[in-house]
Amino acid sequence: MQVKRFFAADMRQAMNRVKEELGADASILSTRKVAGGIELTAALDYNLQSLPARANPALEAELRKTKEHIMQAQASMSLREEVAGTKRDRQLFDKVMAHSTAIHQPAVAQYSSASQPSVDQQELAQMRSELLGLRELLEMQLGTIAWGSVQHQQPKQAELWKRLQKMGLPAELVGNLMQKVASETDQRQAWRMVLAHLAHELDTPAKDPLQHGGVIALVGPAGMGKTTTLAKLAARYVLEHGAQNVAIVSMDSFRIGAQEQLKTLGRILNVSVSHVEVGQSLEQALHPLQKKRLVLIDTAGLPAQDPMLAMQLDSLAARGVQAKNYLVLAATSQAQVLKAAWHAYKRCGLAGCIITKLDEAVSMGEALGMAICHNLAVAYTTDGPRIPDDIQASRSHQLVSRAVRMQNPDDPGEQEMAAMYATSYQAAARQVG
(Lines give C-alpha, C1' and ligand atoms only; values in the text may rest on other atoms or scores of the structure.)
Protein backbone atom coordinates (compact mmCIF):
# COMPACT_ATOMS: atom_id res chain seq x y z
CA MET A 1 0.00 0.00 0.00
CA GLN A 2 1.22 3.47 -0.92
CA VAL A 3 0.31 6.26 1.54
CA LYS A 4 0.92 9.90 0.72
CA ARG A 5 -0.02 13.34 2.04
CA PHE A 6 -1.20 16.18 -0.18
CA PHE A 7 -1.45 19.90 0.52
CA ALA A 8 -3.66 22.29 -1.47
CA ALA A 9 -5.59 25.52 -1.12
CA ASP A 10 -8.96 23.76 -1.09
CA MET A 11 -10.53 20.31 -1.19
CA ARG A 12 -11.13 20.28 -4.94
CA GLN A 13 -7.47 20.99 -5.73
CA ALA A 14 -6.37 18.37 -3.24
CA MET A 15 -8.61 15.75 -4.85
CA ASN A 16 -7.27 16.61 -8.27
CA ARG A 17 -3.72 16.08 -7.04
CA VAL A 18 -4.67 12.72 -5.55
CA LYS A 19 -6.14 11.56 -8.84
CA GLU A 20 -3.15 12.82 -10.81
CA GLU A 21 -0.57 11.05 -8.62
CA LEU A 22 -2.39 7.98 -7.26
CA GLY A 23 -5.26 7.54 -9.69
CA ALA A 24 -9.01 7.22 -9.27
CA ASP A 25 -8.72 4.08 -7.07
CA ALA A 26 -6.98 5.94 -4.23
CA SER A 27 -8.73 5.95 -0.85
CA ILE A 28 -8.98 9.04 1.35
CA LEU A 29 -7.77 8.28 4.87
CA SER A 30 -8.14 11.68 6.52
CA THR A 31 -8.50 15.40 5.89
CA ARG A 32 -7.74 18.35 8.08
CA LYS A 33 -7.50 22.11 7.77
CA VAL A 34 -4.01 23.54 8.07
CA ALA A 35 -2.52 26.97 7.65
CA GLY A 36 -2.94 27.97 4.04
CA GLY A 37 -5.38 25.25 2.98
CA ILE A 38 -6.16 21.54 3.33
CA GLU A 39 -4.02 18.52 4.21
CA LEU A 40 -5.32 15.28 2.73
CA THR A 41 -3.92 11.79 3.39
CA ALA A 42 -4.60 9.21 0.67
CA ALA A 43 -3.59 5.58 0.09
CA LEU A 44 -3.45 3.28 -2.90
CA ASP A 45 -3.74 -0.48 -2.52
CA TYR A 46 -2.03 -2.02 -5.54
CA ASN A 47 -4.24 -5.09 -5.30
CA LEU A 48 -7.20 -2.94 -6.25
CA GLN A 49 -5.78 -2.38 -9.70
CA SER A 50 -6.61 -5.92 -10.72
CA LEU A 51 -10.32 -5.44 -10.01
CA PRO A 52 -12.63 -4.20 -12.76
CA ALA A 53 -13.63 -0.54 -12.43
CA ARG A 54 -17.25 -0.46 -11.30
CA ALA A 55 -19.44 1.37 -8.83
CA ASN A 56 -19.58 0.07 -5.24
CA PRO A 57 -23.22 0.21 -4.04
CA ALA A 58 -22.26 -0.43 -0.43
CA LEU A 59 -19.69 2.40 -0.43
CA GLU A 60 -22.15 4.72 -2.13
CA ALA A 61 -24.78 3.93 0.50
CA GLU A 62 -22.31 4.59 3.30
CA LEU A 63 -21.22 7.85 1.71
CA ARG A 64 -24.84 8.96 1.44
CA LYS A 65 -25.42 8.13 5.11
CA THR A 66 -22.35 10.10 6.07
CA LYS A 67 -23.51 13.06 4.00
CA GLU A 68 -26.88 12.98 5.79
CA HIS A 69 -25.13 12.98 9.17
CA ILE A 70 -22.99 15.93 8.11
CA MET A 71 -26.03 17.91 7.01
CA GLN A 72 -27.67 17.12 10.34
CA ALA A 73 -24.52 18.30 12.11
CA GLN A 74 -24.61 21.60 10.23
CA ALA A 75 -28.25 22.12 11.16
CA SER A 76 -27.36 21.32 14.75
CA MET A 77 -24.54 23.87 14.80
CA SER A 78 -26.81 26.61 13.45
CA LEU A 79 -29.33 25.85 16.17
CA ARG A 80 -26.50 25.78 18.72
CA GLU A 81 -25.42 29.31 17.82
CA GLU A 82 -28.97 30.64 18.26
CA VAL A 83 -29.43 29.08 21.69
CA ALA A 84 -25.82 28.66 22.73
CA GLY A 85 -25.07 26.47 25.68
CA THR A 86 -28.40 24.67 26.01
CA LYS A 87 -28.24 21.03 27.00
CA ARG A 88 -30.69 19.94 24.30
CA ASP A 89 -28.54 21.33 21.46
CA ARG A 90 -25.33 19.87 22.88
CA GLN A 91 -26.85 16.39 23.05
CA LEU A 92 -28.14 16.65 19.47
CA PHE A 93 -24.76 17.82 18.19
CA ASP A 94 -22.86 15.10 20.07
CA LYS A 95 -25.24 12.43 18.77
CA VAL A 96 -24.83 13.47 15.13
CA MET A 97 -21.08 13.80 15.45
CA ALA A 98 -20.88 10.37 17.07
CA HIS A 99 -22.59 8.79 14.06
CA SER A 100 -20.39 10.70 11.62
CA THR A 101 -17.21 9.78 13.51
CA ALA A 102 -18.14 6.10 13.57
CA ILE A 103 -18.23 6.05 9.76
CA HIS A 104 -15.26 8.30 8.99
CA GLN A 105 -13.23 8.33 12.21
CA PRO A 106 -9.94 9.59 10.71
CA ALA A 107 -11.59 12.46 8.87
CA VAL A 108 -13.46 13.89 11.85
CA ALA A 109 -11.30 12.94 14.84
CA GLN A 110 -10.42 16.58 15.40
CA TYR A 111 -14.08 17.33 16.13
CA SER A 112 -13.95 15.63 19.53
CA SER A 113 -13.75 19.08 21.10
CA ALA A 114 -17.55 19.29 20.63
CA SER A 115 -17.99 17.19 23.80
CA GLN A 116 -16.12 19.72 25.93
CA PRO A 117 -18.19 21.88 28.30
CA SER A 118 -17.73 25.09 26.25
CA VAL A 119 -17.10 25.73 22.59
CA ASP A 120 -16.25 29.27 21.48
CA GLN A 121 -17.27 30.82 18.19
CA GLN A 122 -13.86 30.28 16.62
CA GLU A 123 -14.01 26.54 17.24
CA LEU A 124 -17.55 26.40 15.85
CA ALA A 125 -16.41 28.23 12.73
CA GLN A 126 -13.51 25.82 12.31
CA MET A 127 -15.79 22.83 12.75
CA ARG A 128 -18.20 24.23 10.19
CA SER A 129 -15.34 24.73 7.75
CA GLU A 130 -14.19 21.16 8.27
CA LEU A 131 -17.69 19.78 7.79
CA LEU A 132 -18.12 21.78 4.59
CA GLY A 133 -14.81 20.41 3.35
CA LEU A 134 -15.83 16.87 4.17
CA ARG A 135 -19.19 17.36 2.48
CA GLU A 136 -17.46 18.64 -0.64
CA LEU A 137 -15.19 15.61 -0.59
CA LEU A 138 -18.15 13.23 -0.26
CA GLU A 139 -20.04 14.97 -3.05
CA MET A 140 -17.04 14.65 -5.34
CA GLN A 141 -16.65 10.98 -4.47
CA LEU A 142 -20.35 10.29 -5.07
CA GLY A 143 -20.26 12.21 -8.34
CA THR A 144 -17.17 10.35 -9.54
CA ILE A 145 -18.63 6.95 -8.58
CA ALA A 146 -22.01 7.67 -10.18
CA TRP A 147 -20.57 9.17 -13.36
CA GLY A 148 -18.10 6.31 -13.72
CA SER A 149 -20.98 3.86 -13.40
CA VAL A 150 -22.99 5.65 -16.10
CA GLN A 151 -20.03 5.69 -18.49
CA HIS A 152 -19.39 1.99 -17.93
CA GLN A 153 -22.96 0.70 -17.97
CA GLN A 154 -24.76 3.26 -20.18
CA PRO A 155 -22.24 4.83 -22.59
CA LYS A 156 -24.98 6.20 -24.88
CA GLN A 157 -26.64 7.96 -21.97
CA ALA A 158 -23.25 9.35 -20.93
CA GLU A 159 -22.76 10.80 -24.42
CA LEU A 160 -26.11 12.59 -24.19
CA TRP A 161 -25.11 14.03 -20.82
CA LYS A 162 -21.94 15.43 -22.39
CA ARG A 163 -23.78 17.01 -25.32
CA LEU A 164 -26.24 18.74 -23.00
CA GLN A 165 -23.39 19.95 -20.77
CA LYS A 166 -21.72 21.51 -23.83
CA MET A 167 -24.90 23.53 -24.40
CA GLY A 168 -24.47 25.12 -20.96
CA LEU A 169 -27.72 23.79 -19.49
CA PRO A 170 -27.94 23.51 -15.68
CA ALA A 171 -27.51 20.08 -14.10
CA GLU A 172 -31.01 19.93 -12.61
CA LEU A 173 -32.64 20.54 -16.00
CA VAL A 174 -30.35 18.03 -17.72
CA GLY A 175 -31.26 15.39 -15.14
CA ASN A 176 -34.98 15.93 -15.76
CA LEU A 177 -34.52 15.71 -19.53
CA MET A 178 -32.48 12.52 -19.27
CA GLN A 179 -35.17 10.85 -17.18
CA LYS A 180 -37.67 11.41 -19.99
CA VAL A 181 -35.54 9.50 -22.53
CA ALA A 182 -34.14 6.85 -20.19
CA SER A 183 -35.94 4.02 -21.99
CA GLU A 184 -34.86 5.06 -25.51
CA THR A 185 -32.03 2.83 -26.79
CA ASP A 186 -31.38 4.52 -30.13
CA GLN A 187 -28.97 7.39 -29.51
CA ARG A 188 -30.08 9.57 -32.42
CA GLN A 189 -33.72 9.21 -31.52
CA ALA A 190 -32.91 9.94 -27.87
CA TRP A 191 -31.12 13.15 -28.87
CA ARG A 192 -34.08 14.28 -30.99
CA MET A 193 -36.44 13.50 -28.11
CA VAL A 194 -34.27 15.43 -25.64
CA LEU A 195 -34.34 18.52 -27.87
CA ALA A 196 -38.09 18.15 -28.35
CA HIS A 197 -38.63 17.97 -24.58
CA LEU A 198 -36.35 20.98 -24.12
CA ALA A 199 -38.38 22.99 -26.65
CA HIS A 200 -41.58 21.93 -24.89
CA GLU A 201 -40.20 23.15 -21.56
CA LEU A 202 -39.46 26.59 -23.04
CA ASP A 203 -42.34 29.03 -22.77
CA THR A 204 -42.66 31.66 -25.51
CA PRO A 205 -45.60 34.03 -26.16
CA ALA A 206 -48.07 32.88 -28.80
CA LYS A 207 -48.36 36.48 -29.99
CA ASP A 208 -45.79 39.29 -30.19
CA PRO A 209 -46.17 41.23 -26.88
CA LEU A 210 -45.92 44.53 -28.77
CA GLN A 211 -49.14 43.72 -30.61
CA HIS A 212 -51.02 43.66 -27.29
CA GLY A 213 -49.85 47.20 -26.52
CA GLY A 214 -50.30 48.60 -23.01
CA VAL A 215 -47.50 49.47 -20.62
CA ILE A 216 -44.29 47.46 -21.01
CA ALA A 217 -41.37 47.95 -18.60
CA LEU A 218 -37.86 46.58 -19.01
CA VAL A 219 -36.11 45.75 -15.75
CA GLY A 220 -32.80 44.15 -14.85
CA PRO A 221 -29.28 44.82 -13.57
CA ALA A 222 -27.02 47.40 -15.17
CA GLY A 223 -25.26 46.36 -18.36
CA MET A 224 -27.87 43.85 -19.54
CA GLY A 225 -28.94 45.99 -22.51
CA LYS A 226 -32.29 47.43 -21.32
CA THR A 227 -32.07 50.83 -23.04
CA THR A 228 -30.83 49.40 -26.35
CA THR A 229 -33.58 46.78 -26.30
CA LEU A 230 -36.18 49.46 -25.56
CA ALA A 231 -34.92 51.47 -28.56
CA LYS A 232 -35.31 48.41 -30.81
CA LEU A 233 -38.85 47.77 -29.58
CA ALA A 234 -39.83 51.42 -30.01
CA ALA A 235 -38.40 51.64 -33.54
CA ARG A 236 -40.09 48.40 -34.52
CA TYR A 237 -43.44 49.61 -33.27
CA VAL A 238 -43.09 52.98 -35.00
CA LEU A 239 -42.40 51.27 -38.33
CA GLU A 240 -45.56 49.17 -38.00
CA HIS A 241 -48.02 51.52 -36.28
CA GLY A 242 -46.64 55.05 -36.47
CA ALA A 243 -44.94 57.37 -33.99
CA GLN A 244 -48.16 58.89 -32.65
CA ASN A 245 -49.17 55.63 -30.98
CA VAL A 246 -46.11 55.10 -28.77
CA ALA A 247 -44.45 56.93 -25.86
CA ILE A 248 -41.33 56.36 -23.77
CA VAL A 249 -41.00 56.97 -20.02
CA SER A 250 -37.70 56.93 -18.15
CA MET A 251 -37.37 55.98 -14.47
CA ASP A 252 -33.57 56.11 -14.67
CA SER A 253 -32.36 59.25 -12.93
CA PHE A 254 -29.21 57.57 -11.62
CA ARG A 255 -27.13 56.79 -14.72
CA ILE A 256 -25.28 59.69 -16.30
CA GLY A 257 -26.69 60.50 -19.72
CA ALA A 258 -29.53 57.95 -19.54
CA GLN A 259 -32.30 60.47 -20.11
CA GLU A 260 -30.34 62.31 -22.81
CA GLN A 261 -29.92 59.04 -24.65
CA LEU A 262 -33.67 58.45 -24.64
CA LYS A 263 -34.39 62.03 -25.68
CA THR A 264 -32.08 61.58 -28.67
CA LEU A 265 -33.94 58.41 -29.55
CA GLY A 266 -37.25 60.25 -29.22
CA ARG A 267 -36.13 62.98 -31.61
CA ILE A 268 -35.00 60.40 -34.18
CA LEU A 269 -38.26 58.43 -33.98
CA ASN A 270 -40.45 61.50 -33.39
CA VAL A 271 -41.74 59.84 -30.23
CA SER A 272 -42.61 61.66 -27.00
CA VAL A 273 -40.17 60.97 -24.14
CA SER A 274 -40.86 61.86 -20.49
CA HIS A 275 -39.34 60.91 -17.16
CA VAL A 276 -40.66 60.43 -13.65
CA GLU A 277 -39.96 63.61 -11.70
CA VAL A 278 -38.71 63.65 -8.09
CA GLY A 279 -41.71 63.23 -5.80
CA GLN A 280 -43.93 62.06 -8.66
CA SER A 281 -45.39 58.58 -8.73
CA LEU A 282 -45.18 56.40 -11.81
CA GLU A 283 -48.97 56.33 -12.01
CA GLN A 284 -49.03 60.13 -12.16
CA ALA A 285 -46.37 60.15 -14.89
CA LEU A 286 -48.38 57.68 -16.98
CA HIS A 287 -51.71 59.50 -16.64
CA PRO A 288 -51.17 61.94 -19.58
CA LEU A 289 -50.24 58.96 -21.79
CA GLN A 290 -53.46 56.99 -21.40
CA LYS A 291 -54.40 57.41 -25.08
CA LYS A 292 -51.14 55.90 -26.31
CA ARG A 293 -51.45 52.34 -27.55
CA LEU A 294 -47.97 51.46 -26.26
CA VAL A 295 -45.89 52.96 -23.45
CA LEU A 296 -42.33 51.67 -22.96
CA ILE A 297 -40.68 52.23 -19.57
CA ASP A 298 -36.91 52.28 -19.13
CA THR A 299 -35.78 51.54 -15.55
CA ALA A 300 -32.57 51.99 -13.60
CA GLY A 301 -30.30 48.99 -13.13
CA LEU A 302 -29.72 49.26 -9.38
CA PRO A 303 -27.87 46.85 -7.06
CA ALA A 304 -30.06 44.33 -5.27
CA GLN A 305 -29.22 45.85 -1.88
CA ASP A 306 -30.18 49.40 -2.91
CA PRO A 307 -33.43 50.48 -1.17
CA MET A 308 -34.31 52.55 -4.24
CA LEU A 309 -34.63 49.32 -6.22
CA ALA A 310 -37.42 48.08 -3.95
CA MET A 311 -39.26 51.39 -4.38
CA GLN A 312 -38.87 51.21 -8.16
CA LEU A 313 -40.16 47.64 -8.33
CA ASP A 314 -43.08 48.42 -6.03
CA SER A 315 -44.04 51.29 -8.36
CA LEU A 316 -44.08 48.93 -11.33
CA ALA A 317 -46.16 46.40 -9.39
CA ALA A 318 -48.79 48.97 -8.40
CA ARG A 319 -52.31 48.03 -9.46
CA GLY A 320 -52.96 51.40 -11.10
CA VAL A 321 -49.92 51.02 -13.42
CA GLN A 322 -50.82 47.61 -14.88
CA ALA A 323 -47.37 47.19 -16.39
CA LYS A 324 -46.07 44.03 -18.02
CA ASN A 325 -42.53 43.76 -16.69
CA TYR A 326 -39.86 41.91 -18.66
CA LEU A 327 -36.54 40.93 -17.12
CA VAL A 328 -33.67 41.71 -19.50
CA LEU A 329 -30.82 39.18 -19.24
CA ALA A 330 -27.56 39.12 -21.15
CA ALA A 331 -26.58 35.70 -22.51
CA THR A 332 -22.97 36.60 -21.66
CA SER A 333 -23.74 36.49 -17.92
CA GLN A 334 -22.86 33.56 -15.66
CA ALA A 335 -25.64 31.30 -14.39
CA GLN A 336 -25.32 32.63 -10.83
CA VAL A 337 -25.62 36.23 -12.06
CA LEU A 338 -28.80 35.36 -13.96
CA LYS A 339 -30.27 33.60 -10.95
CA ALA A 340 -29.42 36.54 -8.68
CA ALA A 341 -31.11 38.93 -11.13
CA TRP A 342 -34.30 36.88 -11.03
CA HIS A 343 -34.31 36.86 -7.23
CA ALA A 344 -33.77 40.64 -7.13
CA TYR A 345 -36.42 41.61 -9.70
CA LYS A 346 -39.19 39.04 -9.24
CA ARG A 347 -40.69 41.40 -6.69
CA CYS A 348 -42.44 43.46 -9.38
CA GLY A 349 -44.12 40.44 -10.99
CA LEU A 350 -42.47 39.33 -14.20
CA ALA A 351 -44.38 38.70 -17.41
CA GLY A 352 -41.31 37.10 -19.00
CA CYS A 353 -37.74 37.79 -20.00
CA ILE A 354 -35.70 39.09 -22.94
CA ILE A 355 -32.34 37.47 -23.70
CA THR A 356 -29.80 39.92 -25.12
CA LYS A 357 -26.25 39.92 -26.51
CA LEU A 358 -26.46 36.52 -28.17
CA ASP A 359 -23.90 37.73 -30.71
CA GLU A 360 -21.35 38.08 -27.89
CA ALA A 361 -22.18 34.86 -25.99
CA VAL A 362 -20.38 31.53 -26.22
CA SER A 363 -23.49 29.58 -25.18
CA MET A 364 -27.12 30.28 -24.34
CA GLY A 365 -27.94 27.24 -22.22
CA GLU A 366 -27.45 29.19 -18.98
CA ALA A 367 -30.07 31.78 -19.95
CA LEU A 368 -32.52 29.19 -21.28
CA GLY A 369 -32.05 27.05 -18.17
CA MET A 370 -32.80 30.00 -15.92
CA ALA A 371 -35.95 30.83 -17.89
CA ILE A 372 -37.18 27.22 -17.72
CA CYS A 373 -36.36 26.68 -14.04
CA HIS A 374 -38.20 29.89 -13.03
CA ASN A 375 -41.10 29.61 -15.49
CA LEU A 376 -40.23 32.76 -17.42
CA ALA A 377 -41.52 33.13 -20.95
CA VAL A 378 -38.78 34.21 -23.37
CA ALA A 379 -40.42 37.08 -25.26
CA TYR A 380 -37.52 38.32 -27.41
CA THR A 381 -33.87 37.74 -28.18
CA THR A 382 -31.37 40.30 -29.45
CA ASP A 383 -28.13 39.59 -31.25
CA GLY A 384 -26.51 42.83 -32.37
CA PRO A 385 -26.49 46.66 -32.17
CA ARG A 386 -28.64 47.44 -35.21
CA ILE A 387 -31.98 49.14 -34.49
CA PRO A 388 -34.53 47.66 -35.03
CA ASP A 389 -33.13 44.73 -37.04
CA ASP A 390 -31.33 42.81 -34.30
CA ILE A 391 -34.34 41.76 -32.25
CA GLN A 392 -36.59 38.76 -32.82
CA ALA A 393 -39.78 37.46 -31.24
CA SER A 394 -38.94 34.12 -29.66
CA ARG A 395 -40.03 30.66 -30.81
CA SER A 396 -39.08 27.69 -28.67
CA HIS A 397 -37.79 25.40 -31.43
CA GLN A 398 -35.67 28.24 -32.86
CA LEU A 399 -34.16 28.92 -29.45
CA VAL A 400 -33.24 25.25 -29.03
CA SER A 401 -31.72 25.08 -32.53
CA ARG A 402 -29.60 28.13 -31.82
CA ALA A 403 -28.50 26.73 -28.45
CA VAL A 404 -27.31 23.58 -30.23
CA ARG A 405 -25.38 25.62 -32.80
CA MET A 406 -23.72 27.64 -30.04
CA GLN A 407 -22.62 24.66 -27.95
CA ASN A 408 -19.01 24.39 -26.85
CA PRO A 409 -16.98 22.43 -29.45
CA ASP A 410 -14.68 20.96 -26.77
CA ASP A 411 -15.66 17.89 -24.75
CA PRO A 412 -16.09 18.53 -21.00
CA GLY A 413 -13.55 17.09 -18.56
CA GLU A 414 -14.29 14.16 -16.27
CA GLN A 415 -14.31 16.42 -13.21
CA GLU A 416 -16.89 18.71 -14.83
CA MET A 417 -19.14 15.79 -15.69
CA ALA A 418 -18.79 14.21 -12.24
CA ALA A 419 -19.71 17.53 -10.59
CA MET A 420 -22.68 17.99 -12.93
CA TYR A 421 -23.94 14.45 -12.38
CA ALA A 422 -23.62 14.82 -8.60
CA THR A 423 -25.55 18.12 -8.68
CA SER A 424 -28.32 16.50 -10.71
CA TYR A 425 -28.45 13.56 -8.31
CA GLN A 426 -28.74 15.91 -5.31
CA ALA A 427 -31.55 17.88 -6.99
CA ALA A 428 -33.46 14.67 -7.67
CA ALA A 429 -32.94 13.55 -4.06
CA ARG A 430 -34.33 16.87 -2.78
CA GLN A 431 -37.44 16.46 -4.95
CA VAL A 432 -38.01 12.94 -3.65
CA GLY A 433 -37.40 14.05 -0.07
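Observations
- Candidate set from the stretch 281-299 (those that are under 22 Å from Tyr345 (Cα atoms) and free of Cβ contacts under 8 Å to residues at least 60 places away in the same chain); member that is nearest to the chain's Cα centre (by Cα): Leu282
- Any hit, the stretch 315-338, residues being within 25 Å of Ala235 (Cβ to Cβ), more than 36 Å from the chain's Cα centre (by Cα) and touching a residue at least 60 places away in the same chain (Cβ under 8 Å): no
- Residues located in the stretch 314-336, provided they are polar (S, T, N, Q), part of a helix (DSSP H, G or I) and within 20 Å of Val378 (Cα to Cα): Gln336
- Residues in the stretch 337-354 that are in a helix (DSSP H, G or I) and crowded, with 20+ Cβ neighbours inside 10 Å: Leu338, Ala341, Ala344, Tyr345, Cys348.
- Residue check, Lys207 charged (D, E, K, R) and surrounded by fewer than 15 Cβ atoms within 10 Å (Cβ to Cβ): yes
- Residue in the stretch 157-191 that is farthest from the chain's Cα centre (by Cα), counting only those that are within 16 Å of Ala335 (Cβ to Cβ) and outside any helix (DSSP H, G or I): Met167
- If only residues of the stretch 192-243 that are among the basic types (Lys, Arg) and under 25 Å from Leu302 (Cα atoms) are counted, the one that is nearest to the chain's Cα centre (by Cα) is Lys226.
- Of all residues making up the stretch 228-238, the number that are in contact with a Leu (Cβ under 7 Å, 6 or more places away or on another chain) and buried (at least 22 other Cβ atoms within 10 Å of the Cβ): 6
- Residue check for Ala217: of a type in the set (A, V, I, L, M, F, W, C) and in a loop (DSSP other than H, G, I, E, B): no
- Within the stretch 292-303, the residues that satisfy the criterion of being surrounded by 13 or more Cβ atoms within 10 Å (Cβ to Cβ) and in a loop (DSSP other than H, G, I, E, B) are Lys292, Arg293, Thr299, Ala300, Gly301, Leu302.
- Being closer than 22 Å to Arg395 by Cβ, of a type in the set (Ser, Thr, Tyr) and either free of Cβ contacts under 8 Å to residues at least 24 places away in the same chain or assigned by TED's automatic domain parsing to the domain that holds Lys324 (or both) holds for only one residue in Thr229, Thr264, and it is Thr229.
- Being crowded, with 17+ Cβ neighbours inside 10 Å, modelled with pLDDT of 90 or more and part of a loop (DSSP other than H, G, I, E, B) is a property that Leu399 lacks.
- Residues in the stretch 187-203 that are surrounded by 19 or more Cβ atoms within 10 Å (Cβ to Cβ) and either β-branched (Val, Ile, Thr) or more than 18 Å from Val174 (Cβ to Cβ) (or both): Val194 only.
The values are calculated or read from the model by the stated rules, or taken from the named source; none is laboratory data. All values reported here derive from a predicted model rather than from experimental measurement. All Cβ positions, glycine included, derive from the backbone under ideal geometry; neighbour counts span all protein chains shown.
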